[in-house]
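Here's the structure we're looking at; comments come further down.
The values are calculated or read from the model by the stated rules, or taken from the named source; none is laboratory data. For clarity, every value in this text was computed on a predicted model and none was experimentally measured. As a convention, Cβ positions derive from the backbone with ideal geometry for all residues, glycine included, and neighbour counts pool all protein chains shown.
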Amino acid sequence: MAGTKRHHTLVVLVENKAGVLARVAGLFARRGFNIESLAVAPTEDARLSRITLAVDAESAPLEQVINQLDKLINVVSIRELAPEESVERELLVVTVNAAGDTRGQIMDLVRIFDGRVLNVGPDKLMVSMSGGPNRVDDFESLLRPYGIVELQRTGKVALPRLAKAGGEVGEF
Amino acid sequence: MKLNGGQALMRSLERQGVEIVFGLPGGAILPAYDPLIDSTIRHVLVRHEQGAGHMAQGYAQATGRPGVAIVTSGPGATNIVTPLCDAYMDSVPLVVITGQVPYAAIGTDAFQECDTTGITMSVTKHNFLVSDAQDLPQVIHDAFHIATSGRPGPVLVDIPKCIVDPRNPRSALEWYEPDGHDLPGYRPRTEPDPAAVATAAELICSAQRPVIYSGGGILKSRAADALLRFAELVRIPVVTTLMNRGGFPDDHPLCLGMPGMHGNYTAVTSMQRADLLITLGARFDDRVTGKVGAFAPEAKVIHMDIDPAELGKVRQADVAIAADCRPGIEALTEAVTALGGAEAQADRRQWHDTIADWQERYPLVYEAGDSGGALKPQFVLEQLRDATPDDTVVCAGVGQHQMWASQYWRFNHPYTWINSGGLGTMGYAVPAAIGAKAGRPDRMVWAVDGDGCFQMTAQELVTANTERIPIKVAILNNAYLGMVRQWQEMFYEERYSEVYLSPDLPDYKGWAEAMGCEAMRIENPAEVRPAIEKANEIDDRSVVIDFRIDTQEKVFPMVPAGASNDDIVLDPSQQPPPR
């Protein structure tokens, strides 16, 4: 779970070209770096994609990971985001057993965690929830006793936290 | 001007100053071979694509210019994977052009299709799959830029057949001269950080037992002169790794020669006892460090490398300098000069005395053997060294013969030693020597080869003789995969498993003659020198000498794999040093 293990978050801007993800993934495999989670999508600049990577901090020194990544010709920039300097979000979609009495308890959890019900079956619910990785972990572990049928997490995305000009900027 | 992709490819190569390419045509690359007829570029037709790759490497290592190879798709591409990996490990600038099936056929398991860019992704500095003929001039321009700048390396350009086939409308393009590069993620750094240089200069001046640990980066950045000036200014001894033999003259009083698994005692031990390693263009390879935790335990480390990923990869540096060696060493020289230069150096008389004492007590030695006995490989190499010009280019395969050649040759000029260091590719010598001779026709080029290695790539002697690129080959024939045999003798209780090759099968002399070479078989010490002198006289074709050497001979010194460099094993005739 991305929120609990010791890891580094890297935001890697890459050229939006065929095979770039394979280059990044291949590099990690070849050098024995472990990827905790990975999210890739185009950015506001059509020539670039942003890869948000959580790297297992035990598997390799961060500097080595960054320097090796930087050698890939298609990697334009790499930035490490410390948790306290960034806003991280992850999306979870889960189908959970929800027959009889448990349905109401699950609905309470969904409400508390600002989740949404996506699909309703006679004895199951499909719900989504997004938040910081720790919060997503909490939600997942609270649902687990009810019986998770299927679960998919996106891997986290992150952007640097905005400067605190004239007072606290809240996290929403 | 309207061109097709094949014409644009040739024009792009000409524009890069390419004078020679090594290759072998086939279906997918076939249309590109048609405009080659009209090109100024010389093509050397190899007998196996691996030969093309190693020839391009030999050419690049002898000349400093990028080597170029052209092969077809599928098996042509897979056959050149070994040279690509070899060039990647040893930072050799190559541009390899591969044919590919037509764009529309990619992914259909077409005849001679393979995922060339996928297969070579991890053994190239970068690779390209050209999807549009219009991109071709820019891609070739970028490929040469990437291969030759920063830390050099191999770049592969995969070109679908439709792009070079004039009958296909996809091959049409409007020719242009590329101007600059749109590579936003590629910014190799070459100039050193002045603050790091200043710190390094202070460490250098105050060090009591410093050693300059110089690697292949010296040759890549053409920094041999800069290294010489620097070493003479500070009067610090220099070890030259396998990749930097010739980068500092062996005959120079400050030169300690090769360190590492088969390095000489003084080179290995000076690093173990050093209080400062001035690491220039070297990467703490396991064959140099031995057991990393026990390597140079008392040394602070200055590490200069153009590739920031090498800094701290194996050994944490006290001062890390990401820079090209040439400007980096020049800056160090300047900074040390500013601190007082030679006068500012700590008193190191004791260190120099210690080193001189090691050199006297533990030189490279071998048992000479009697005059009627089997040839000693070291004797053959000494004779070869003494009978050839000082600037002879020596190429080696991989194994015992390679280590003996590195140990017993005196390299006094840069770019005179060409071998496969990182990947350890058997069969490297013959094709690399052909490439080197093609690039330096003015030089005598000797391949020092083993019998096992020779059998892997000997067919390229046909290429050498057909193309009139005469090389000379000394096979040190001990009828074994000698280095493996040595390990089995020393570490596997003499249980010899699959290492015997036979001295007579093949008949090397007959085989070489069949390939158009002059050939000799030498078994007596007295015949060695005359045979070499005869070989040196022959210039119109290649020469192969089958030297029958002592099967029992082992390479010493040796640091057993995984052991500390302190546990160096000397020649049995030498007293082990006190610990």
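Observations
- The one condition in (1) under 22 Å from B:Asp566 (Cα atoms); (2) in contact with a strand residue (DSSP E or B) (Cβ under 9 Å, 6 or more places away or on another chain); (3) more than 14 Å from chain A (Cβ to nearest Cβ) that B:Pro297 fails to fulfil: (2)
- Which listed residue, of A:Leu48, A:Leu72, is in contact (Cβ under 8 Å) with a residue 40 or more places away in the chain and out of contact with any Pro (no Cβ under 7 Å at 6 or more places or on another chain): A:Leu72
- The range B:117-129, residues that are out of contact with any Leu (no Cβ under 7 Å at 6 or more places or on another chain) and either hydroxyl-bearing (Ser, Thr, Tyr) or within 8 Å of another protein chain (Cβ to nearest Cβ) (or both): B:Gly118, B:Met121, B:Ser122, B:Lys125, B:His126, B:Leu129
- Scanning the range B:274-290 for residues that are buried (at least 24 other Cβ atoms within 10 Å of the Cβ) and closer than 14 Å to B:Ser564 by Cβ, we see that the one that is nearest to the chain's Cα centre (by Cα) is B:Val288.
- Residue that is nearest to the other protein chains (Cβ to nearest Cβ), among those in the range B:146-161 that are farther than 23 Å from B:Gly74 by Cβ and in contact (Cβ under 8 Å) with a residue 40 or more places away in the chain: B:Ile146
- Restricted to the range A:82-101, and to residues there that are more than 30 Å from A:Phe33 (Cα to Cα) and modelled with pLDDT under 95, the residue that is farthest from the other protein chains (Cβ to nearest Cβ) is A:Asp101.
- B:Asp507 satisfies every condition listed in (1) more than 28 Å from the chain's Cα centre (by Cα); (2) surrounded by fewer than 14 Cβ atoms within 10 Å (Cβ to Cβ) except (2).
- Residue in the range B:303-327 that is farthest from B:Lys125 (Cα to Cα), counting only those that are in contact with a strand residue (DSSP E or B) (Cβ under 6 Å, 6 or more places away or on another chain) and within 11 Å of chain A (Cβ to nearest Cβ): B:Ala320
- For the range B:100-109, the condition holds for no residue, the condition being that it is outside any helix (DSSP H, G or I), over 27 Å from B:Arg443 (Cβ atoms) and under 27 Å from the mean Cα position of the chain (by Cα).
- Boolean, B:Pro166 is touching a residue at least 40 places away in the same chain (Cβ under 8 Å), surrounded by fewer than 18 Cβ atoms within 10 Å (Cβ to Cβ) and of a type outside the set (Gly, Ala, Ser): yes
The rows are residues; the columns are (1) outside the structural domain of B:Gly421 (by TED's automatic domain parsing); (2) on the phi < 0 side of the Ramachandran plot; (3) without any contact (Cβ under 8 Å) to a residue 60 or more places away in the chain; (4) not in a helix (DSSP H, G or I).
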position: B:Thr269; (1), (2), (3), (4): yes, yes, no, no
position: B:Thr279; (1), (2), (3), (4): yes, yes, no, yes
position: B:Val301; (1), (2), (3), (4): yes, yes, yes, yes
position: B:Ala320; (1), (2), (3), (4): yes, yes, no, yes
position: B:Leu332; (1), (2), (3), (4): yes, yes, no, no
position: B:Ala335; (1), (2), (3), (4): yes, yes, no, no
position: B:Asp353; (1), (2), (3), (4): yes, yes, yes, no
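- Matching entry among B:Ala405, B:Ala374 (being on the phi < 0 side of the Ramachandran plot and touching an Asp or Glu at 6+ places or on another chain (Cβ under 6 Å)): B:Ala374
- Test: residue in the range B:162-182 that is within 11 Å of chain A (Cβ to nearest Cβ) and of a type in the set (Lys, Arg): no
- Residue check for B:Ile475: crowded, with 22+ Cβ neighbours inside 10 Å, β-branched (Val, Ile, Thr) and part of a loop (DSSP other than H, G, I, E, B): no
- Residues within the range A:82-109 that are of a type in the set (A, V, I, L, M) and either surrounded by fewer than 16 Cβ atoms within 10 Å (Cβ to Cβ) or over 12 Å from A:Val127 (Cβ atoms) (or both), tallied: 4
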